[in-house]
1. Could you tell me which of the residues Asp59, Asp81 is touching a Ser or Thr at 6+ places or on another chain (Cβ under 8 Å) and either assigned to a loop (DSSP other than H, G, I, E, B) or of a type in the set (A, V, I, L, M) (or both)?
2. Can you tell me how many residues within region 166-205 are touching a strand residue (DSSP E or B) at 6+ places or on another chain (Cβ under 9 Å) and not basic (Lys, Arg)?
3. Give region 324-335 a look and list any residue that's over 15 Å from Glu16 (Cβ atoms), buried (at least 19 other Cβ atoms within 10 Å of the Cβ) and aliphatic (A, V, I, L, M), or say none.
4. Within the set of pairs 6 or more residues apart or between chains, which connect a residue that is more than 16 Å from Glu153 (Cβ to Cβ) and touching a residue at least 24 places away in the same chain (Cβ under 8 Å) inside region 187-210 to a residue that is among the aliphatic types (A, V, I, L, M) and open to solvent by 30 Å² or more (accessible area, probe 1.4 Å) with Cβ atoms less than 9 Å apart?
5. Considering only region 267-281, I want to know if a residue exists there that is open to solvent by less than 40 Å² (accessible area, probe 1.4 Å), touching a helix residue (DSSP H, G or I) at 6+ places or on another chain (Cβ under 8 Å) and at pLDDT below 95.
6. Look at Asp310 and say whether it is outside any loop (DSSP other than H, G, I, E, B), of a type outside the set (Phe, Trp, Tyr) and touching a residue at least 24 places away in the same chain (Cβ under 8 Å).
7. Those residues that are assigned to a loop (DSSP other than H, G, I, E, B) and either more than 21 Å from the chain's Cα centre (by Cα) or not β-branched (Val, Ile, Thr) (or both), I need them from region 34-56; list them, please.
8. Please find, among Ser257, Ser269, the residue that is under 20 Å from the mean Cα position of the chain (by Cα) and polar (S, T, N, Q).
Amino acid sequence: MTIPTEPIGSIPRPPELLLAVRQLAAGRISQQTLEAEYEQAVRDTIERFEATGSPVITDGEQRKSSFATYPLEGLHSLAGDGVLIPFEDGHTRQLPRLTSGPFHYGKYSGEYVRGAMPYARRPLKQAVISASALSLLYPASGIERYPRGHFLEDLVNEAAADISSAFDAGAEIVQIDFTEGRLSLKLDPSGGLLRSFVDLNNRVLDRFSPAERARIGVHVCPGGDHDSTHSADVDYAGLLPALFATHAGRFYLQLASEQDRPRVLKLISELMNREHKVFVGVIDPISKHVETPEEVCERVLEAAKFLPLDRLGTTDDCGFSPFADDESTARDLAFAKIRARVEGTAMAAARLGV
C-alpha cells in the first residue's frame, strides 16, 4: 500500500494555443491550424505531467473552453443571459440559458480521452461537469412545451452518457466537478438546493455498477478563477454531510487553503464510510507560492492523524485553469506545484511506513 496522489484536471494553456484561439475567432487562421495547436498542447501537457512522476495524469483540459461548458459546444438552443456566478474579487462568470428542448450534449468527454491516449503512458483521469451544474441552464420561468422534469430526465441521460464515454475511451478514473456544491449554500443557506443537487447527481451515479462507482469521484472546492474564489467563506460543516451522501467512491476535497484543517479533517473522519477514499488538497493552485515537498509532507501527516491510511490520498485544491482564458497562473508554476505534491506525498508515505 502507498498513498495515492492525483491531479484535479486543468493546466494553464500555452500562450501559443491561447493566441491561436483568438486568431481563429478573428478569422485569421483556419480550424485546422488551431487543431494542430490543441494537439501540441495536449502532447506537451502529458509529457510534462509524466515528468513530474505523477502516477495519474490528465490532458490538462487543453481542448476545453471551460470545465463547465464543454458539453454545450456546438449547441444552438442557448442564450447568453443565464445564471451569474460572482467571485470574491468582483469579477463574474455567466452560464448560458437553455431556450428550447430536448437537451443534449454537443460534446462528450470521451473525445478528450481519445485525443490524449496516444501520448499517455500512465493512467488517464478525466474530469466531467456535474448534472447539478448543468441543471442551472434551465430558466426559472420554464420553457414552453419542455417541462423541467423532462429536461432533468434528458440531463441525467446525457450526464451518464458523458461518464460512460470517458470510460469507454480508456479513462481509468472519472471525476465529477461539483464546485457549485459549496456555492449552493450561499444561495440557499437552508441546504435545500444542495440536497437537490446531490439527489440529481445520484440519479446519474445510480446508472453505474458498484465497481464503476469506485472509479468515479466528486471534486468540491470554493471555486478558482483569476486567483479568486466564490464560496470560501461558506463553512464546510454545511456541505460535508450532504456531500458524503453522494453515491461515489472517491472524494477530492480542497483543504490546503482551508483556515482550520484539523476541524474539517475531524468532520471528514466522522462522515466518510468504509467504502470512501478521500483525497485531501495539499496544493493551493491560486497561491503563487510553490509548496515544498516538506510542506506537502506535513499536510499529509496532519491528515493521517484523522483519516485511515488505506483510504487517504492527496490532490490539488482545484484545477489550475478551469476556464481557458484564465492566465493568472503560469504553466511552469503549475507543474512545479504538481511535482511538489508527488514528492511530498511519497515523503509522507515513507514517514508513515506505507
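The values are calculated or read from the model by the stated rules, or taken from the named source; none is laboratory data. Since this is a predicted model, take the numbers as computed values, not measurements. All Cβ positions, glycine included, derive from the backbone under ideal geometry; neighbour counts span all protein chains shown. The accessibility values were calculated without ligands, DNA or RNA, using every heavy atom of the protein model including side chains. Shrake-Rupley method; radii C 1.70, N 1.55, O 1.52, S 1.80 Å.
1. Sole residue among the options that is touching a Ser or Thr at 6+ places or on another chain (Cβ under 8 Å) and either assigned to a loop (DSSP other than H, G, I, E, B) or of a type in the set (A, V, I, L, M) (or both): Asp59.
2. Here the count works out to 19.
3. Residue satisfying the conditions is Ala334 alone.
4. Cβ pairs passing all conditions: Arg195/Ala245; Val198/Ala245.
5. no
6. yes
7. Residues satisfying the conditions are Gly53, Ser54, Pro55.
8. When all the criteria are applied, what remains is Ser257.
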